[in-house]
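Undergrad: Could you have a look at this structure, given as structure tokens, before my questions?
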Amino acid sequence: MITLKQVQSKADLKRFVKFPFSLYKGSPYWVPPIIKDEMDSFDKDINPVFNNAEASFFLAYKDNKIVGRVAAIINWLEVNDQNLKKMRFGWFDFIDDLEVSKALLDKVKEIGQQHQLEYMEGPVGFSNLDKVGVLIEGFDHIGTMITWYNHAYYQSHYEHHGFVKEKEYLENKFLAAKADPQFFYKANLLVKKRYGLKEMNFEKSADIMPWVDKMFDLFNETYSKLSSFVRITDIQKEYFKKKYISFINPEYIKFVVDSEDKLVAFAIVMPSFSKALQKANGKLFPTGIFHLLNAKKNSKDVIFYLIGIHPDYQNKGVTAIIFNEFYHTFRKKGIVNCIRTPELEDNLAIRQMWKHFDPVTHKRRRTYRKDLS
């Protein structure tokens, strides 16, 4: 018999966060989060997303043992401002038992119906900066700190329970050596001259901070037309500054500005922390912090986290400026592999942007949906 328990205490929340540590114990591909950071992200007094969203967390038990978990999420900006009557769910993990996954999904469905929502979609997080999608291909590739990893049986559970594909995402990688400057160097010079643009590089995180709000404003403007987009609020900007900027090498953030120093494009690349997080195994201390600092300084793999271009400058070759700057940085750092975060399968523009780098699709992931009527 499966019983569900709603997370009410800090001890319950820690059990919720730690469940995947047992589910994926010994996996060479699963990347564990830092337990404290994960708990903080679910804390309504810490994460400002809860100013515009609500979430309930549930654990599934069988024979007095935790066998599954799920977060049931409503983002009220999405529901009220965009009129998307969507029940979100994420952090959905379970043993290979259809009764377990059904019980958890039925609880999400129940909450969605109580709020007169029309459909449920997952796995997704609170916003566009959270993890997204269940892995359906690429199980033999190590995960990243910004994606979920899961067992291969997950897909069959969704489909058995009547869920259908909503969105599909591709994850691609390429060798840094494939970034041949002949494809962007001349274009970089031409675009800068034609539109009066210039690049901005950084050496200190403190120099980036005055620009971060403008960067998130541009992020909102760049992606506002995507069907799944939920804007980042001013309070969330402050939260993300503290949470993410310290993880990023300043030289891995590139800006492009116009003649009046108005931000027109940005790109953020992160060093890969995957192996460091595996060594840390959820804890910063006593040694986890040193593994992370070493990866920040010496990782030869990087992840293209975000790229944003003002709508007025899209399809005008501005990415050539960004690629040219990263080319020099990567050569100096000895970067070997470039990994891209999940990108919508039907985003043809983004695929065109990378075509000269000979990318390889090494993972696929999906979100699934089901009507609540």
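Undergrad: Give me P(r) over segment 245-356, computed from all C-alpha to C-alpha distances, binned every 5 Å, as integer percentages.
TA: Result, from short to long distances: 2, 10, 19, 21, 17, 13, 9, 5, 3, 0 percent.
Undergrad: Only sites in a loop by DSSP and with at most 15 other Cβ atoms within 10 Å count here; which GluC sites (Glu not before Pro) in segment 181-227 make the cut?
TA: E203
Undergrad: Amide H of K167: which non-local residues (sequence gap of 5 or more, or other chain) have their own amide H closer than 5 Å, using H built in the peptide plane?
TA: T367
Undergrad: Semi-axes of the equivalent ellipsoid for segment 181-255, please: Cα gyration tensor eigenvalues, times 5, square-rooted, ordered largest first, whole Å.
TA: They are 26, 19, 11 Å, listed largest first.
Undergrad: Here's another thing I want to ask about it. Let a ≥ b ≥ c be the square roots of the eigenvalues of the Cα gyration tensor of segment 109-254; is it rounded (a/c under 1.5), or, if not, prolate (a/b larger than b/c) or oblate?
TA: Because a/c hits 1.5 or more and a/b exceeds b/c, segment 109-254 counts as prolate.
Undergrad: Just for segment 14-172, what percent of DSSP beta bridges are antiparallel, to the closest 5?
TA: Taking every DSSP beta bridge with both residues in segment 14-172, the antiparallel ones total about 85 percent.
Undergrad: Relative contact order for segment 1-132: what is it in percent, counting Cα pairs under 8 Å that are at least 6 residues apart?
TA: Computed value for segment 1-132: 23 percent relative contact order.
Undergrad: Report, in whole Å, the centroid distance computed from the Cα atoms of segment 324-347 and segment 1-72.
TA: Comparing the Cα centres of segment 324-347 and segment 1-72, I get a distance of 32 Å.
Undergrad: Under 1.5 on a/c is rounded, so check that first for segment 1-66, then, if it is not, pick prolate when a/b is larger than b/c and oblate when it is not; a ≥ b ≥ c are the square roots of the alpha carbon gyration tensor eigenvalues.
TA: oblate
Undergrad: Quick one: which residues, 5 or more positions from Y119 or on another chain, have an amide H under 5 Å from its amide H? H modelled 1.01 Å from N in the peptide plane, none for Pro or chain starts.
TA: Residues meeting the criterion, in which the H sits 1.01 Å from N, are M87, L372.
Undergrad: Please work out which option in (i) 33; (ii) 30; (iii) 57 gives percent of Cα pairs over 32 Å apart calculated from these coordinates, and answer with its label.
TA: (i)
Undergrad: Right, next: Using only the Cα atoms of segment 29-170, build the gyration tensor, take square roots of its eigenvalues as a ≥ b ≥ c, and label the shape rounded, prolate or oblate: rounded if a/c is under 1.5, else prolate if a/b is larger than b/c, else oblate.
TA: Note, shape of segment 29-170 comes out rounded.
Undergrad: I need the phi-derived Karplus couplings for segment 308-321: 6.51 cos²θ - 1.76 cosθ + 1.60, θ = phi - 60°, integer Hz, Gly and Pro marked x.
TA: Residue by residue, segment 308-321 yields x, 10, 4, x, 5, 10, 6, 6, 10, x, 4, 4, 4, 5 Hz.
Undergrad: For segment 103-111, just list the computed ³J(HN,Hα) in residue order, Karplus coefficients 6.51, -1.76 and 1.60, θ = phi - 60°, integers in Hz, with x standing in for Gly and Pro.
TA: Listing the rounded values in order: 4, 5, 5, 5, 5, 4, 4, 4, 5 Hz.
Undergrad: Could you tell me what percent of the accessible area of segment 1-138 is made up of carbon and sulfur, with a 1.4 Å probe and every protein chain present?
TA: Exposed carbon and sulfur together represent 45 percent of the surface.
Undergrad: Search the structure for amide H atoms under 5 Å from the amide H of I136, placed 1.01 Å from N in the peptide plane, and list their residues when 5 or more places away or on another chain.
TA: R364, R365, R366
The values are calculated or read from the model by the stated rules, or taken from the named source; none is laboratory data. This is a predicted model, so every value here is computed, not measured. Using ideal geometry, Cβ is built from the backbone for each residue, glycine included, and neighbour counts are taken over all protein chains shown. All accessible areas refer to the heavy atoms of the entire protein, side chains included, with ligands and DNA or RNA removed. Shrake-Rupley method; radii C 1.70, N 1.55, O 1.52, S 1.80 Å.
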